[in-house]
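Pasting in a structure now, in structure tokens, and then I'll have a few things to ask.
The values are calculated or read from the model by the stated rules, or taken from the named source; none is laboratory data. These figures come from a predicted structure and were not determined experimentally. Using ideal geometry, Cβ is built from the backbone for each residue, glycine included, and neighbour counts are taken over all protein chains shown. Areas reflect the complete protein model, heavy atoms only, side chains present, ligands, DNA and RNA absent. Shrake-Rupley method; radii C 1.70, N 1.55, O 1.52, S 1.80 Å.
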Amino acid sequence: MHKHDLSQRLFLLAVLTAFSFSCKSSPTGPHVGQNLQLSTDYVTCTEVWLKVAYSGQSSPVSGGEFKITRDGDTVLTGNLTGSDTTVIDTTAQPEQAYTYRAYRYFRNQVSDTSLAIQVSTLDTTSHDFSWQVFQFGGAASSYLYDVSIVNDSDVWAVGAIYVDSADGQADPYPYNVEHWDGRSWQAMRIDFYTIWGQSYMTSLPAQAVFAHDRNHVWIVSNNSELAEWNGVSQETPILLPVSPNRIWGSDSNSIY
């Protein structure tokens, strides 16, 4: 073999070897804090609500398994169901500081890791309180279905409260609202149409209440009518297309 041919072959071997090594990616660990984010939504004494958000290229539904650790121990596992998934750790203890971290798996390997977050659960109350018991009605089977609390001197409870009439007989028309003003309860009657479209009205049992303040109180009857108490009198009831068990509002102009 000529020296010139040998040199050419050695050069070609060196080029092929270098190309072979350049095509192999060096091993890397999971992406830390790039595609997977962990944050807290809500914290109580014994619950931590966590949101896992994934922003990677691959679909989180396909191969989107994850786990969450608390102080290094796995407490939650599941599948990513979209761009973010909310899970709840219900095994937390009151007044504790925890470190949470999320891991995403692809083909049984950790592909993404969130940054660690610190969470402190709330403490319980001192339990230094006493109870008061209030009883309503007595003439028949009275009941309360719902309560709305504005503050400690403005509380509204609704249902059907039956009392005796002046002649000592059970009054067939119940009070359907009880209001607490900070000192005592006042029984009230909110009237609804007995049959919608007719003029006769009576104090039907109430099903739900939402009070924004003492001048904006909404009461739902058990036949799906809604009436508002404006602090002086009630407004004309309206008929709802559903039969609600509860109502709520973000303010006096936004009721659900």
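Answer yes or no as to whether Asp84 is loosely packed, with under 10 Cβ neighbours inside 10 Å and among the acidic types (Asp, Glu).
no
Do you know which residues across segment 90-109 are modelled with pLDDT of 90 or more and assigned to a loop (DSSP other than H, G, I, E, B)?
Thr90, Thr91, Ala92, Gln93, Pro94, Glu95, Gln96
Scanning segment 205-225 for residues that are open to solvent by less than 30 Å² (accessible area, probe 1.4 Å) and not in a strand (DSSP E or B), which turns out nearest to Asp191 (Cα to Cα)?
Kept after step one, since they are open to solvent by less than 30 Å² (accessible area, probe 1.4 Å), are these residues of segment 205-225: 205-206, 208-211, 217-221, 224-225.
Cutting the leftovers down to not in a strand (DSSP E or B) gives us 205, 224.
On the way: Pro205: 9, Ser224: 13 Å.
The selected residue is Pro205.
Of everything in segment 116-141 that's among the small types (Gly, Ala, Ser) and either open to solvent by 100 Å² or more (accessible area, probe 1.4 Å) or without any contact (Cβ under 8 Å) to a residue 12 or more places away in the chain (or both), which residue is nearest to Asp41 (Cα to Cα)?
The residue in question is Ser126.
Which condition number does Leu144 fail, the rest of (1) surrounded by 11 or more Cβ atoms within 10 Å (Cβ to Cβ); (2) over 30 Å from Ser221 (Cα atoms) being met?
(2)
Identify the single condition in (1) out of contact with any strand residue (DSSP E or B) (no Cβ under 7 Å at 6 or more places or on another chain); (2) at pLDDT 95 or above that Val177 does not satisfy, given that it satisfies every other one.
Of (1) out of contact with any strand residue (DSSP E or B) (no Cβ under 7 Å at 6 or more places or on another chain); (2) at pLDDT 95 or above, only one is false for Val177: (1).
Oh, and also: With the structure loaded, tell me whether Glu228 is under 22 Å from Arg246 (Cβ atoms), of a type in the set (D, E, K, R), part of a strand (DSSP E or B) and touching a residue at least 24 places away in the same chain (Cβ under 8 Å) or whether it fails that test.
no
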